[in-house]
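Single-structure report; data block below.
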Amino acid sequence: MGAAIDYLVTVFRAAPTLGLATPPVTVFDGPSAADDDGPGQLQLFVGIDDPAVNADTPDAAFTANGLITWAGIGPKARYETFTVPCAAVAWSGDGDTRTVRLAALGIFNAADALIVPTDVDLGGTVLYVESVSYSLRQDQYEDGAVAWVQFGFQCKARLP
C-alpha cells in the first residue's frame, strides 16, 4: 500500500498536466500543515480523504483502508485489496463556483487519465487498479468558492 501511495505522489508531481502544469497543481503527500496557501490555488492530496481535516478538527484524516484475503494457491499466498484516497481541490478569492468546480474536476480527470488505462499496475506496485470512485463537493466561504473531488484508486496487490 505504501509503495502505491509513493508511486502516485511521484507520478502526479512529475506530470505535465498536474505538478508541472501552468499554473501548477501542488501535489501533497498526505495532509498539508500550511493553512495560508492563498486564493487561486489548485491542489491534489494523495493518501488523504478530506483535506479540510487538520489539527483543529477532532478527527484524523482517513489515509487508506484495505483487506487481506487468502489467495487459495498456497499456505502463504495472499491478496491485498485497498483504496488510496485522494482529493483534488480548487478555490478562488471570489464566489465563482463554476470556475472552481471545473478546475477541481480537471485535476481529478488529469490524475485519472495518468493511471487508467495507461498505468493500471502503478509502476508494478499493484496487480491492477480495479476502479476509481469519486464524489464532488462545493461550498462558499468568506474567502470565496471552493470545490473538491474526493476520489480513490481501488487497487489489488499480491502479498509475498
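The values are calculated or read from the model by the stated rules, or taken from the named source; none is laboratory data. Model, not experiment: these values are computed from the prediction. Here the Cβ is made from the backbone with ideal geometry for all residues, glycine too, and neighbour counts use every protein chain on show.
Residues checked against (1) aromatic (Phe, Trp, Tyr); (2) surrounded by fewer than 20 Cβ atoms within 10 Å (Cβ to Cβ); (3) under 16 Å from Ile5 (Cα atoms):
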| site | (1), (2), (3) |
| --- | --- |
| Arg98 | no, yes, no |
| Gly123 | no, yes, yes |
| Gly144 | no, yes, no |
| Gln150 | no, no, yes |
| Ala157 | no, no, yes |
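Of the residues that make up the stretch 52-74, is at least one under 23 Å from Leu20 (Cβ atoms) and either basic (Lys, Arg) or modelled with pLDDT under 95 (or both)?
Among the residues of the stretch 52-74, not one is under 23 Å from Leu20 (Cβ atoms) and either basic (Lys, Arg) or modelled with pLDDT under 95 (or both), which makes the answer no.
Scanning the stretch 1-21 for residues that are touching a Lys or Arg at 6+ places or on another chain (Cβ under 6 Å) and either part of a helix (DSSP H, G or I) or closer than 20 Å to Glu80 by Cβ (or both) gives no hits.
Here the stretch 116-160 is the region considered, the condition is being among the charged types (D, E, K, R) and in a strand (DSSP E or B), and the residue that is farthest from Arg101 (Cα to Cα) is Arg158. Output the residue which, of all residues in the stretch 76-101 that are within 19 Å of the chain's Cα centre (by Cα) and of a type in the set (Phe, Trp, Tyr), is modelled with the highest pLDDT. Looking at residues that are within 19 Å of the chain's Cα centre (by Cα) and of a type in the set (Phe, Trp, Tyr), I get Phe82. Val89 meets all of the listed conditions (1) over 24 Å from Pro24 (Cβ atoms); (2) in contact with a helix residue (DSSP H, G or I) (Cβ under 8 Å, 6 or more places away or on another chain); (3) β-branched (Val, Ile, Thr) but one, namely (1). A search for C-beta distances below 6 Å between a residue of the stretch 18-36 that is over 16 Å from Ile5 (Cβ atoms) and among the hydrophobic types (A, V, I, L, M, F, W, C) and any residue that is crowded, with 17+ Cβ neighbours inside 10 Å and modelled with pLDDT of 90 or more, counting only pairs 6+ apart in sequence or on different chains, returns Val25/Leu18; Val25/Leu42; Val25/Leu44; Val25/Ile107. May I ask you to verify whether Thr69 is assigned to a strand (DSSP E or B) and farther than 18 Å from Tyr7 by Cβ? Answer is yes for this residue.
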